[in-house]
């Protein structure tokens, strides 16, 4: 299962906290997939790739409750936590940077904290999309509270970086599905290190 974290509703589109949804939408478009609503609280689509049934999921409750939806889907489809790639924004990475990790703690991210609580483990892979921290991004946002910053829209220059990295993100998703998390980490994190 590939999960894109974010908040539901048009007012949150293109906001920093919706980076995960933006990435999953892009991946779905590359395969002409259409999301549909589920009574389990998410928008999802299903596709067969590399002989595997793959669910793309965007929880439709707010970020701090996204684990409820993910756990329902994981239980219904009997998907182990190690087979769930969660895509989300990350304050500790520069805007647009991409990094894949195999698990860990919440790192202050409310969506990840909710997933850990509802899945009962932090042992699920994550694809992190950098949004930067307001203290590092100049006077215009330096004093902005983090809670407001993550719900603000990307400025044009950072939005372009995110858009340009969507093909790299899709490559990481594809490697996770067709091979494994290690192959995805080796390829994406190496590319990011070379670019950084």
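Only the coordinates and a few stated rules stand behind these numbers; no lab work does. Since the model is a prediction, treat every value here as computed from it, not as a measurement. Note: ideal-geometry Cβ built from the backbone for every residue, glycine included; neighbour counts use all protein chains shown.
Please list the equivalent ellipsoid semi-axes of region 1-75, computed as the square roots of five times the alpha-carbon gyration tensor eigenvalues, in descending order and whole angstrom.
Ellipsoid half-lengths, sorted descending, are 19, 15, 10 Å.
For each of 45, 69, count neighbouring Cβ atoms within 10 Å of the residue's Cβ, then give the residues from fewest to most.
Ranking 45, 69 by Cβ neighbours within 10 Å, fewest first, gives 45, 69.
Can you sort 13, 171 by how many other beta carbons sit within 10 Å, fewest first?
13, 171
Determine the calculated [θ] at 222 nm for the chain from helices alone, applying -39500 (n - 2.57) to every DSSP H run no shorter than 4 residues and normalising by the residue count; nearest 500 deg cm²/dmol.
Helix-only estimate at 222 nm: -11500 deg cm²/dmol.
Please compute the contact order of region 2-195 in relative form: average sequence separation of alpha-carbon pairs under 8 Å and at least six residues apart, divided by the residue count, as a percent.
24 percent
Contact order normalised by length for region 68-147, with contacts defined as Cα pairs under 8 Å and 6 or more residues apart; what percent is it?
Result for region 68-147 is 38 percent.
May I ask you to sort 174, 89, 139 by Cβ crowding, counting other Cβ atoms within 10 Å and putting the fewest first?
Details: 174 18, 89 27, 139 6.
In order of increasing Cβ crowding within 10 Å: 139, 174, 89.
Using packing as a proxy for protection, rank 107-116, 78-87, 146-155 so that the peptide with the highest average count of other Cβ atoms within 10 Å comes first.
My ranking of the peptides, most packed first, is 107-116, 78-87, 146-155.
Compute the separation of the alpha-carbon centres of region 114-190 and region 74-98 and state it in Å as a whole number.
9 Å
Across all directions of projection, what mean area in square nanometres is found for the Cα convex hull of the chain?
Seen from a random direction, the Cα hull of the chain projects 10.2 nm² on average.
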